[in-house]
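To start, the structure under review is shown below, and the notes come after it.
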Amino acid sequence: LVKGGIHLERLAGVRVIAFDKTGTVTTGRLTLDAVHPVDGHNADEMVRLAASVESQSEHPVAAAIVAASHARGVHLDQPADVQALPGLGVEGRVQEMTITCGTPRLFAECAAMTPAIAALAEEVVRKGMSPIVVARDGKPIGVLGVTDRPKANAAGVVADLRSHGVSRIAMLTGDHAAAAQAVGLSLGVDD
């Protein structure tokens, strides 16, 4: 709703624009783009365990992991005793195993973070993804990477704005700095 033509005319003088990232310049739908098992664990098995527990959650990360399990043709088990760990992840039982999926911070807090898992989580972040550590009975078995991809026309919109005199374009997000930078670079934003 615009009340008065003067407000539209003022847009011609805008030289800086800031966009929210999630759902504005990105799709707002996460996808599972990396599966890094460790210590000889199988990638499909890791996805199966994670998706089985995540199937009880409505979080966007959970939806990405469950969708990836279906795309891989992985059969899910019925989890039990699933509980959300607000801001950190989810935990539940699958075939008498305790499966935990969460942020690296969750595992650092319980001293279960290994150097190999920490390195994988950092690699996932450097590639612009958010890391999800998967553990079985308290021992991390791998890292998943989820991504919110840029909308197909987002880079074109940024270029169009520049051609119309906008000199600085920023993207606002609560994501990891590295993930934000990866999206920002792909779109051509300044900050």
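Things worth noting here:
- Charge-dipole axis of the chain as Lys and Arg at +1 and Asp and Glu at -1 on Cβ define it, positive-most pick from Cys101, Leu1, Ala34: Leu1
- Length-normalised contact order for the chain - Cα pairs under 8 Å, 6+ apart - percent: 26
- Between Arg29 and Ala170, full extension at 0.36 nm per residue minus the direct alpha carbon distance yields a gain of 48.7 nm.
- Virtual spin-label span in nm between Arg126 and Thr98, 7 Å along Cα→Cβ: 3.3
- Choice from Gly165, Gly89, Gly145 with maximal GNM fluctuation in the chain (Cα, 10 Å cutoff): Gly165
- Ranking by accessible area, most exposed first, for Lys127, Lys3, Lys21 with a 1.4 Å probe: Lys3, Lys127, Lys21
- Taking every alpha-carbon pair in the stretch 32-144 and binning the separations at 10 Å intervals from zero gives 16, 54, 29, 1 percent.
- Chain lengthening between Val14 and Glu58 when straightened (0.36 nm per residue, less Cα-Cα): 11.9 nm
- Percent accessible area from carbon and sulfur atoms, the chain, protein chains only, probe 1.4 Å: 55
- For the peptides 117-123, 63-69, 175-181, 158-164, the ranking by packing is 63-69, 117-123, 175-181, 158-164, with the highest mean count of neighbouring Cβ atoms within 10 Å listed first.
- In this structure the chain gives 54 Å² per residue of accessible area when probed at 1.4 Å with all protein chains present.
- Averaging 1/r over each pair of different alpha-carbon atoms in the stretch 88-177 and inverting the result gives 15.4 Å, the Kirkwood hydrodynamic radius.
- Assigned charges on the beta-carbon of Lys, Arg, Asp, Glu; the stretch 25-125 dipole about Cα centre (debye): 220
- For the chain, the Rg and Dmax computed from alpha carbons only, in angstrom: 19.9, 66
The values are calculated or read from the model by the stated rules, or taken from the named source; none is laboratory data. Note that the structure is predicted; figures quoted are calculated from it, not measured. For neighbour counting, all protein chains shown are included, and Cβ atoms are generated from backbone atoms with ideal geometry for every residue, glycine included. Protein only, heavy atoms only, side chains kept; ligands, DNA and RNA dropped before computing areas. Shrake-Rupley method; radii C 1.70, N 1.55, O 1.52, S 1.80 Å.
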